[in-house]
Amino acid sequence: MATTVNGIAFIVLAFALLLGALSVMTSRNVMHAAYWLLETALASAGLFYFLSADYIAVMQLMVYAGAVGILVVFTIMITTRSRKDAVRALDFSPAGLIGSALFFGLMAYAILTSPSLVHAALPTSMPSIVELGKTMFSANGYALPFEIASLVLTVALIAAVWWTRDGDAE
Amino acid sequence: MNVGLDAFLLLSAALFSIGMYGAISKKSTIGVLMSLEIMSIAITLNLVAIDRFVTPTAMTGWFFALFMMVTSAAEIGIGLALVIAIFRAGKTSEVSDLTELKG
């Protein structure tokens, strides 16, 4: 497990992350955008690993790169009938560009001028997966939210099946 | 050379802005959902980075990130199911074609 966040690793992964996100925006083929989304998820899992959050990194790989990626690819294959449908004109919105640029400027200003908290050095104590399990399933910890999360997933699963069922089969 | 928390926060702000632009500008519903996924990746990165630098032993950020992942998995599941349902109803899934409720 990495004890510090290496600058070179951070730059490489940050570049991969932003490249993936920008390519999702600029890909004219929807399928290529889905593959770039996978690359973004992989790069973020790498960043989680360097933040000593290896459990979150594995979850990111399984949920985003695995489940969500396959779901997106299958939905594209169901809703586009020909190769011609998948390639589309580049969407451009000047208002969206200005709005998101302003948002980024505001956030960057807030982060760079904020007091000492965000400039803190890396603590030597590290989160551990053993403590994570103990805290998650202790009565004073996150046992109840964990159960509610599984309920949310069940409801979402049933809702997804209900929405995509064949309409004539009632 | 080691990087601090502000580098992670800046990176995640940039990623969130890119996702926000996509969610506003994309005309295909799947494109909008992919942009929402990018935004939620940015938020998860934020939570994990703050957790590592500020509360490394309490792991509050880890739990937030995990529950965040659960809700965003539910969101993308229902979102894509809705895309398929809309496609079945109207043979299209373009945002600009969904004008039935337009006044």
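Is it the case that the range B:6-29 has a residue that's over 17 Å from A:Ser27 (Cα atoms) and among the β-branched types (Val, Ile, Thr)? Checking the range B:6-29: not a single residue is over 17 Å from A:Ser27 (Cα atoms) and among the β-branched types (Val, Ile, Thr).
When A:Tyr109 is tested against (1) surrounded by fewer than 17 Cβ atoms within 10 Å (Cβ to Cβ); (2) of a type in the set (Phe, Trp, Tyr); (3) closer than 24 Å to A:Ala41 by Cβ, only condition (3) is not met.
Could you check, for the range A:45-64, whether at least one of its residues is among the charged types (D, E, K, R) and closer than 20 Å to B:Tyr21 by Cα?
No, the range A:45-64 has no match at all.
So that you can scan it fast, the table gives a plain yes or no per residue for (1) of a type in the set (Lys, Arg); (2) over 29 Å from A:Lys134 (Cα atoms); (3) facing another protein chain (nearest Cβ under 7 Å):
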| residue | (1), (2), (3) |
| --- | --- |
| B:Glu37 | no, yes, yes |
| B:Pro56 | no, no, yes |
| B:Phe63 | no, no, yes |
| B:Phe67 | no, no, yes |
| B:Gly79 | no, yes, no |
| B:Lys91 | yes, yes, no |
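Which one of these is buried (at least 23 other Cβ atoms within 10 Å of the Cβ), among the small types (Gly, Ala, Ser) and at pLDDT below 90: B:Gly22, B:Gly90, B:Gly103, B:Gly61?
Values: B:Gly22 fails: at pLDDT below 90; B:Gly90 fails: buried (at least 23 other Cβ atoms within 10 Å of the Cβ); B:Gly103 fails: buried (at least 23 other Cβ atoms within 10 Å of the Cβ).
Matching residue, one of B:Gly22, B:Gly90, B:Gly103, B:Gly61: B:Gly61.
The condition of being more than 10 Å from every other protein chain (Cβ to nearest Cβ), part of a helix (DSSP H, G or I) and out of contact with any Cys (no Cβ under 9 Å at 6 or more places or on another chain) holds for only one of A:Val161, A:Val130, A:Val155, that being A:Val130. Looking across the range A:34-93 at every residue that is among the charged types (D, E, K, R) and touching a residue at least 40 places away in the same chain (Cβ under 8 Å), the one that is surrounded by the fewest Cβ atoms within 10 Å (Cβ to Cβ) is identified as A:Asp54.
Consider B:Ser35 carefully, then state whether it is at pLDDT 85 or above, over 25 Å from A:Leu61 (Cα atoms), of a type outside the set (A, V, I, L, M, F, W, C) and in contact with a Gly (Cβ under 6 Å, 6 or more places away or on another chain). Criteria not met by B:Ser35.
In this structure, B:Leu5 does not qualify as facing chain A (nearest Cβ under 7 Å), touching a helix residue (DSSP H, G or I) at 6+ places or on another chain (Cβ under 7 Å), free of Cβ contacts under 8 Å to residues at least 40 places away in the same chain and closer than 16 Å to A:Phe10 by Cα. Only one entry of B:Ala74, B:Ala42, B:Ala49, B:Ala13 meets the criterion of being more than 7 Å from chain A (Cβ to nearest Cβ) and either among the polar types (S, T, N, Q) or part of a helix (DSSP H, G or I) (or both), and that entry is B:Ala42.
Here A:Leu17 qualifies as within 9 Å of another protein chain (Cβ to nearest Cβ), part of a helix (DSSP H, G or I) and under 17 Å from B:Ser12 (Cβ atoms). What are the residues in the range B:48-63 that are farther than 11 Å from A:Ile56 by Cα and not hydroxyl-bearing (Ser, Thr, Tyr), if any? Answer for the range B:48-63, where residues must be farther than 11 Å from A:Ile56 by Cα and not hydroxyl-bearing (Ser, Thr, Tyr): B:Ala49, B:Ile50, B:Asp51, B:Arg52, B:Phe53, B:Val54, B:Pro56, B:Ala58, B:Met59. Among the residues making up the range A:24-63, those that are hydroxyl-bearing (Ser, Thr, Tyr), within 7 Å of another protein chain (Cβ to nearest Cβ) and closer than 15 Å to B:Ile41 by Cα are A:Thr40, A:Ser44.
One line per residue, one yes/no per condition, for (1) outside any helix (DSSP H, G or I); (2) among the polar types (S, T, N, Q):
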site	(1), (2)
A:Tyr35	no, no
A:Gln60	no, yes
A:Ala65	no, no
A:Leu71	no, no
A:Ile76	no, no
A:Asp85	no, no
A:Leu90	yes, no
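The values are calculated or read from the model by the stated rules, or taken from the named source; none is laboratory data. Nothing here was measured: the structure is a model prediction, and the numbers come from that model. Using ideal geometry, Cβ is built from the backbone for each residue, glycine included, and neighbour counts are taken over all protein chains shown.
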